[in-house]
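S.K.: I am attaching a structure below and will ask some questions about it afterwards.
The values are calculated or read from the model by the stated rules, or taken from the named source; none is laboratory data. These figures come from a predicted structure and were not determined experimentally. Counting neighbours? That spans all protein chains shown, and the Cβs are built from the backbone with ideal geometry, glycine included.
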């Protein structure tokens, strides 16, 4: 067995009991048990004629999963959603309207027809320029469903006399036609030229919204967490834990090193698999976020925007959901996983030019003289960005604390560890905003 051949991943379930067959996100790990069972097995302490005890019994079994991975821009938002509970996704490429520009014989007589409503439905619209083959015919427009027919005007000899401008005006004046398209003289044309007959031709290029581009995902705490299936592989040993919830998610980084992401999942059941998993997205070859990608960092120690001129050296953010497995009599496996209050703790290692931040947090002011009973609340807003992907982590009410650094005979700059727990209502307790090319979670 080669433990180097290990990987893990997860997929958000539609509901409890609706286990996923394959991971939505999958990638290498830096450690952890991956997916396993946790047994509550206890000796039954009874008197016995024998020297040893009577035996043991099992009171519960649970599927658990834990692993260390990296902050891949797409899966990290999914993990944050699993840990926090609410994800609002928007963006992507906007819908594109179908369009057709003619290439008629002649000069200054081409037209552009643009679908009024963006999306794929515009591709079903057809435009026909019909030669009535009659003398002194009048210009008119007929619409049947999504088919627009322009009956061209003719002269006394039956030749077409309608110019591009006249056709444009006729379409835009017809109630049914203008509900489908907008007609305009094509770029580079004056519209004065006489048009020619055109067979019914479809508009093209209409596309639905969301087909590519970047999406913005705003993730915030909610009372309940989504169910998930967690997958683990150690060489040929493969297990999937179903009906899981993410109990703890931790980010930590030092300097410009990779961001370490540690997950601890609680689950209800697990199954072995004889077949390899086929993930929707394998992130093994993709880049992930590192400390070097920290683009902006705003620290406020007391609500006054004072940051002590701190420069960030590293840090960690831990989200804990305090899950409880609900064990019912008669069932070895848990019947439910119940969420506790979320706890979100932030720790930042910073370089400071002096110890005024310590004085501020103790006394309430940079020139304070005695410890105050008031707790200072500040905030933090950190954004990691690489190419078009980014991850912003923000908290608006943090109860900061710190300790003075020890004296150092060798000298050197001061380094502080700022520690704080986040407080607030569900909507503003903590907000993670991810920007990537993944449509939704």
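S.K.: If residue 179 passes every condition in (1) over 12 Å from residue 129 (Cα atoms); (2) at pLDDT 95 or above; (3) touching a helix residue (DSSP H, G or I) at 6+ places or on another chain (Cβ under 8 Å) but one, which one does it miss?
M.R.: (3)
S.K.: While we're on this one: Residue 353: loosely packed, with under 15 Cβ neighbours inside 10 Å and either more than 18 Å from residue 312 (Cβ to Cβ) or in the same structural domain as residue 300 (by TED's automatic domain parsing) (or both), yes or no?
M.R.: On the way: loosely packed, with under 15 Cβ neighbours inside 10 Å: yes; either more than 18 Å from residue 312 (Cβ to Cβ) or in the same structural domain as residue 300 (by TED's automatic domain parsing) (or both): yes.
Criteria met by residue 353.
S.K.: Show the residue pairs that are 6+ apart or on different chains and have beta-carbon atoms under 7 Å apart, the first residue being within segment 119-141 and at positive phi, the second being surrounded by 15 or more Cβ atoms within 10 Å (Cβ to Cβ) and modelled with pLDDT of 95 or more.
M.R.: Hits for this filter: 136/154.
S.K.: Among the residues of segment 398-441, which ones are on the phi > 0 side of the Ramachandran plot and without any contact (Cβ under 8 Å) to a residue 24 or more places away in the chain?
M.R.: Within segment 398-441, the first condition is being on the phi > 0 side of the Ramachandran plot, and the residues that meet it are 411-412, 424.
Selection gives 411, 412.
S.K.: Of the residues 317, 312, which single one is surrounded by 17 or more Cβ atoms within 10 Å (Cβ to Cβ), over 30 Å from residue 6 (Cα atoms) and at pLDDT 95 or above? First the steps, then the outcome.
M.R.: On the way: 317 fails: over 30 Å from residue 6 (Cα atoms).
One residue alone meets the criteria, 312.
S.K.: Can you find even one residue in segment 74-94 that is closer than 30 Å to residue 127 by Cβ and touching a strand residue (DSSP E or B) at 6+ places or on another chain (Cβ under 8 Å)? So that I can check it myself, show each step before the final result.
M.R.: Start the filter on segment 74-94 by keeping residues that are closer than 30 Å to residue 127 by Cβ, which leaves 92-94.
Next, from what is left, pick out any that are touching a strand residue (DSSP E or B) at 6+ places or on another chain (Cβ under 8 Å): 92-93.
Checking segment 74-94: at least one residue is closer than 30 Å to residue 127 by Cβ and touching a strand residue (DSSP E or B) at 6+ places or on another chain (Cβ under 8 Å).
S.K.: In addition: Considering 394, 399, which residue is touching a strand residue (DSSP E or B) at 6+ places or on another chain (Cβ under 8 Å) and within 30 Å of residue 214 (Cα to Cα)? Working first, answer last.
M.R.: Working: 399 fails: within 30 Å of residue 214 (Cα to Cα).
The conditions single out 394.
S.K.: Is there a residue being in contact with a strand residue (DSSP E or B) (Cβ under 7 Å, 6 or more places away or on another chain), under 30 Å from residue 434 (Cβ atoms) and part of a strand (DSSP E or B) anywhere in segment 147-162?
M.R.: Checked against the condition, which is being in contact with a strand residue (DSSP E or B) (Cβ under 7 Å, 6 or more places away or on another chain), under 30 Å from residue 434 (Cβ atoms) and part of a strand (DSSP E or B), segment 147-162 yields no hits at all.
S.K.: Could you grab me the full set of residues in segment 105-121 that are within 20 Å of residue 170 (Cα to Cα) and touching a strand residue (DSSP E or B) at 6+ places or on another chain (Cβ under 9 Å)?
M.R.: Answer for segment 105-121, where residues must be within 20 Å of residue 170 (Cα to Cα) and touching a strand residue (DSSP E or B) at 6+ places or on another chain (Cβ under 9 Å): 108, 109, 110, 111, 112, 113, 114, 115, 116.
S.K.: Let me ask something else about it. Answer yes or no as to whether residue 128 is part of a strand (DSSP E or B), in contact with a strand residue (DSSP E or B) (Cβ under 9 Å, 6 or more places away or on another chain) and farther than 28 Å from residue 432 by Cβ. Even if it seems obvious, please write down each step before you answer.
M.R.: Working: part of a strand (DSSP E or B): yes; in contact with a strand residue (DSSP E or B) (Cβ under 9 Å, 6 or more places away or on another chain): yes; farther than 28 Å from residue 432 by Cβ: yes.
Answer is yes for this residue.
S.K.: Ok, one more. Do any strands (runs of 3 or more DSSP E) lying entirely in segment 1-54 carry at least 3 residues that are modelled with pLDDT of 90 or more, within 30 Å of residue 441 (Cβ to Cβ) and in the same structural domain as residue 261 (by TED's automatic domain parsing), and which ones are they?
M.R.: Values: elements: 6-12, 25-28, 31-43.
Of the strands (runs of 3 or more DSSP E) lying wholly inside segment 1-54, those with at least 3 residues that are modelled with pLDDT of 90 or more, within 30 Å of residue 441 (Cβ to Cβ) and in the same structural domain as residue 261 (by TED's automatic domain parsing) span 6-12, 25-28.
S.K.: Do any residues in segment 1-12 that are more than 17 Å from residue 70 (Cα to Cα) have Cβ atoms under 8 Å from those of residues that are at pLDDT 95 or above and in a strand (DSSP E or B), where the two are at least six apart or on different chains, and which pairs are they?
M.R.: Listed by first residue and then by second, the contacts come to 12/228.
S.K.: Looking at residue 358, is it farther than 24 Å from residue 17 by Cα, assigned to a helix (DSSP H, G or I), assigned by TED's automatic domain parsing to the domain that holds residue 228 and in contact with a strand residue (DSSP E or B) (Cβ under 9 Å, 6 or more places away or on another chain)?
M.R.: Working: farther than 24 Å from residue 17 by Cα: yes; assigned to a helix (DSSP H, G or I): yes; assigned by TED's automatic domain parsing to the domain that holds residue 228: yes; in contact with a strand residue (DSSP E or B) (Cβ under 9 Å, 6 or more places away or on another chain): yes.
Yes; evaluated as a whole, the condition is true for this residue.
S.K.: Condition first: closer than 30 Å to residue 267 by Cβ, touching a residue at least 24 places away in the same chain (Cβ under 8 Å) and touching a strand residue (DSSP E or B) at 6+ places or on another chain (Cβ under 6 Å). Can you find one or more residues in segment 381-388 that meet it?
M.R.: Filtering segment 381-388 for residues closer than 30 Å to residue 267 by Cβ gives 384.
With the extra rule that they be touching a residue at least 24 places away in the same chain (Cβ under 8 Å), the set shrinks to 384.
Right, trim to touching a strand residue (DSSP E or B) at 6+ places or on another chain (Cβ under 6 Å) and you get 384.
Yes, that holds for at least one residue.
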